[in-house]
1. Would you point out the residue of region 73-86, among those that are surrounded by fewer than 15 Cβ atoms within 10 Å (Cβ to Cβ) and closer than 14 Å to Ile55 by Cα, that is farthest from the chain's Cα centre (by Cα)?
2. Condition check: at pLDDT below 80 and more than 22 Å from Leu88 (Cβ to Cβ). Does Arg21 satisfy that?
3. Given the criterion in contact (Cβ under 8 Å) with a residue 60 or more places away in the chain and part of a helix (DSSP H, G or I), identify the matching residue among Leu53, Leu32.
4. Somewhere in region 54-72, is a residue in contact with a Ser or Thr (Cβ under 7 Å, 6 or more places away or on another chain) and modelled with pLDDT under 95?
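The values are calculated or read from the model by the stated rules, or taken from the named source; none is laboratory data. Since this is a predicted model, take the numbers as computed values, not measurements. Because the Cβ atoms are built from the backbone with ideal geometry, glycine has one as well, and the counts that use them run over all protein chains shown.
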Amino acid sequence: MLPRSQRIKELIRFGRPFSNRDKLILRDHLALERTRLANERTFMAYIRSALYLVIGGLALTQLQGHGNLAWVGLMALGMATIFVVVGLVRFYSLKKQLSSYYLPLESDAAEEGPVE
């Protein structure tokens, strides 16, 4: 059993090492394509959520007469920044992992020639 600190590092690490040396079939290629598209959709959801937080934060900082809500607006703006950073880190880490799967596909396709 791993020590506690090592288990915690394993849990919070974004990229997990994996190497697949088997030849990928069409089903695997399509699964990689679906994963790539899901990665893009997730990134856009992070951006959309950040934009909503920016809009709400700006509105709350401009609100007058309802107490001191400017700090809530500033907190929303800070969270929007965090959302964008987390979205970018997750997007590029998964994109890097997926590109390691695509490289063997491209080299196999070049060796086999055009598909008819």
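1. Taking region 73-86 as the starting set, the residues that turn out to be surrounded by fewer than 15 Cβ atoms within 10 Å (Cβ to Cβ) are 74-75, 78, 81-82, 85-86.
Retained after the next criterion (residues that are closer than 14 Å to Ile55 by Cα): 74-75, 78, 81.
On the way: Leu74: 25, Met75: 23, Gly78: 19, Thr81: 15 Å.
Per the stated criteria, the residue is Leu74.
2. Values: at pLDDT below 80: yes; more than 22 Å from Leu88 (Cβ to Cβ): yes.
The answer is yes for Arg21.
3. Details: Leu53 fails: in contact (Cβ under 8 Å) with a residue 60 or more places away in the chain.
Of the residues listed, the single one that is in contact (Cβ under 8 Å) with a residue 60 or more places away in the chain and part of a helix (DSSP H, G or I) is Leu32.
4. Of the residues in region 54-72, the ones in contact with a Ser or Thr (Cβ under 7 Å, 6 or more places away or on another chain) are 70.
Within this subset, residues satisfying the condition of being modelled with pLDDT under 95 are 70.
Yes, because at least one residue in region 54-72 is in contact with a Ser or Thr (Cβ under 7 Å, 6 or more places away or on another chain) and modelled with pLDDT under 95.
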